[in-house]
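Asker: Here it is: the structure, laid out below.
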């Protein structure tokens, strides 16, 4: 295993260990080693802390990989699910699921959110194909405008049916309510990440454009729709479980590409591990800043991601100037 990967793995282990023992309920490491935990401590550890840590790792890896796949599909460094209307469309799907069948199983809600997220991405790519783009910066701006429109429609429907409070539960990532029995859907996202790695070389070729990919013998549409399905279902599983995690797919792939380049077979493990590190670190920061209260990890990521996005835009302008 290369040293940088080892460094990321060590960082994940340390952050995961901190995540397991940081919180309102005190858990003693020494008593754990001695095997002298009470039934209450065991319940907190196995029913809350461990599921939360696993969920943070999978969600972070999933959103980071979804971001790099979106960048390959749109051939633009500035896009990711939260800047293309995907997460907003998935949220609309969640709302429709609540309206159609309030007691729908969690898997059904994920399918609803995934279908709507897929529709949002296809609408975004259709708009891109019809709008003359003079600058790469226009691509995420179009996505943000589309996301704003979808979010406004969702808010209006939620207001009419008195579901604004339910809507807030998935509009901002918060893992404080993740418990055993309420995070297992994320293993679907993990399986999709494995699929993304197995097809990584095809996505790398796809990023070169339709003409080149077709000349190299790639079935462009099959790989395109495979990528769209992976991104939509991963985003949906994360939203259904804990809510939206903005900008993870923007921050991580762009930083990793500076070091590893654009070959996904080589960089995808870095991206997945780095996404887990970022979300774990932001969640711990949210737990510690105003302890014993928490700041949702989505709010922390929103602040960091906005600053990073602005920095990318300024850097792009300076390079062009």
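The values are calculated or read from the model by the stated rules, or taken from the named source; none is laboratory data. A quick note: this is a predicted structure, and the numbers were derived from the prediction, not measured. With ideal geometry, Cβ positions are generated from the backbone for all residues, glycine too; neighbour counts draw on all protein chains shown.
The rows are residues; the columns are (1) over 20 Å from residue 175 (Cβ atoms); (2) in contact (Cβ under 8 Å) with a residue 60 or more places away in the chain; (3) touching a strand residue (DSSP E or B) at 6+ places or on another chain (Cβ under 8 Å).
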| site | (1), (2), (3) |
| --- | --- |
| 70 | yes, yes, no |
| 84 | yes, yes, no |
| 104 | yes, no, no |
| 109 | no, yes, no |
| 123 | yes, no, no |
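Asker: Filter region 90-105 down to residues that are part of a loop (DSSP other than H, G, I, E, B) and surrounded by 12 or more Cβ atoms within 10 Å (Cβ to Cβ) and give me whichever is farthest from the chain's Cα centre (by Cα).
Answerer: Checked region 90-105; the qualifying residue farthest from the chain's Cα centre (by Cα) is 101.
Asker: Determine which single condition residue 183 fails, assuming it passes every other condition in (1) touching a residue at least 60 places away in the same chain (Cβ under 8 Å); (2) in contact with a helix residue (DSSP H, G or I) (Cβ under 6 Å, 6 or more places away or on another chain); (3) not in a loop (DSSP other than H, G, I, E, B).
Answerer: With respect to (1) touching a residue at least 60 places away in the same chain (Cβ under 8 Å); (2) in contact with a helix residue (DSSP H, G or I) (Cβ under 6 Å, 6 or more places away or on another chain); (3) not in a loop (DSSP other than H, G, I, E, B), residue 183 is out only on (3).
Asker: For region 136-169, which residues satisfy the criterion of being free of Cβ contacts under 8 Å to residues at least 40 places away in the same chain and not in a helix (DSSP H, G or I)?
Answerer: Within region 136-169, 162 is the sole residue that qualifies.
Asker: Among the residues of region 205-230, write down those that are surrounded by 14 or more Cβ atoms within 10 Å (Cβ to Cβ), more than 20 Å from the chain's Cα centre (by Cα) and touching a residue at least 60 places away in the same chain (Cβ under 8 Å).
Answerer: Residues satisfying the conditions are 206, 207.
Asker: Quick check: anything in region 41-54 in a helix (DSSP H, G or I), in contact with a helix residue (DSSP H, G or I) (Cβ under 6 Å, 6 or more places away or on another chain) and farther than 30 Å from residue 205 by Cβ?
Answerer: yes
Asker: OK, next. For region 164-174, give me each residue that is touching a helix residue (DSSP H, G or I) at 6+ places or on another chain (Cβ under 7 Å) and either at pLDDT 90 or above or surrounded by fewer than 17 Cβ atoms within 10 Å (Cβ to Cβ) (or both).
Answerer: 164, 166
Asker: Among the numbered criteria (1) assigned to a helix (DSSP H, G or I); (2) over 12 Å from the mean Cα position of the chain (by Cα), which one does residue 233 miss?
Answerer: Exception for residue 233: condition (2).
Asker: Just to check your reading of the model, which residue among 65, 79 is crowded, with 23+ Cβ neighbours inside 10 Å, touching a helix residue (DSSP H, G or I) at 6+ places or on another chain (Cβ under 7 Å) and not in a helix (DSSP H, G or I)?
Answerer: Criteria check complete, one pass: 79.
Asker: Would you mind telling me which numbered condition in (1) exposed (fewer than 15 other Cβ atoms within 10 Å of the Cβ); (2) at pLDDT 85 or above; (3) in contact with a helix residue (DSSP H, G or I) (Cβ under 7 Å, 6 or more places away or on another chain) residue 245 fails?
Answerer: Failed condition: (1).
Asker: So, in region 272-296, exactly how many residues are out of contact with any helix residue (DSSP H, G or I) (no Cβ under 7 Å at 6 or more places or on another chain), in a helix (DSSP H, G or I) and touching a residue at least 12 places away in the same chain (Cβ under 8 Å)?
Answerer: Summing the residues that are out of contact with any helix residue (DSSP H, G or I) (no Cβ under 7 Å at 6 or more places or on another chain), in a helix (DSSP H, G or I) and touching a residue at least 12 places away in the same chain (Cβ under 8 Å) in region 272-296 gives 2.
Asker: Sticking with this structure for a sec: Residue 15 fails exactly one of the following numbered conditions: (1) exposed (fewer than 13 other Cβ atoms within 10 Å of the Cβ); (2) at pLDDT 90 or above. What is the number of that condition?
Answerer: Condition not satisfied by residue 15: (1).
Asker: Moving on. Considering each residue of region 253-268, count those that are part of a helix (DSSP H, G or I) and surrounded by fewer than 21 Cβ atoms within 10 Å (Cβ to Cβ), and give that number.
Answerer: So the count comes out to 9.
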